[in-house]
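Enquirer: Take this structure, written in structure tokens, and hold onto it; I'll ask about it next.
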Amino acid sequence: MANRPQRRPVIQPALTFLSVVVLLYSFLIAGQLLLGVWVVVFVWIVYFFFRLVLAIERIASALEEMPTGE
């Protein structure tokens, strides 16, 4: 398995900032906190699903590179 350089994740801090902005907007401007919570939860579920797909892809690639022993 090739060593890949560790990249610094940029999307997680961006999503955190976006979540705070959405929650503040929904609470202070719109007055509907629950709507903001639903939006934030949906965005984070999509993000974690994307991370799960990437992890499964890495596992599959690593298994393909393993010797079979035949």
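The values are calculated or read from the model by the stated rules, or taken from the named source; none is laboratory data. Predicted, not measured: the structure shown is a model, and the values here were computed from it. Note: areas computed on protein heavy atoms with side chains; ligands, DNA, RNA excluded. Shrake-Rupley method; radii C 1.70, N 1.55, O 1.52, S 1.80 Å.
Enquirer: Return P(r) of the chain (all Cα-Cα pairs; 10 Å bins starting at 0; whole %; ordered from short to long distances).
Expert: 17, 32, 22, 15, 9, 3, 1
Enquirer: Another question about this same structure. Any idea of residue 56's accessible area? Nearest 10 Å², probe 1.4 Å.
Expert: 100
Enquirer: Could you work out how far helix 33-65 tilts from the main Cα principal axis of the chain, as a 0 to 90 degree angle to the nearest 10?
Expert: 10
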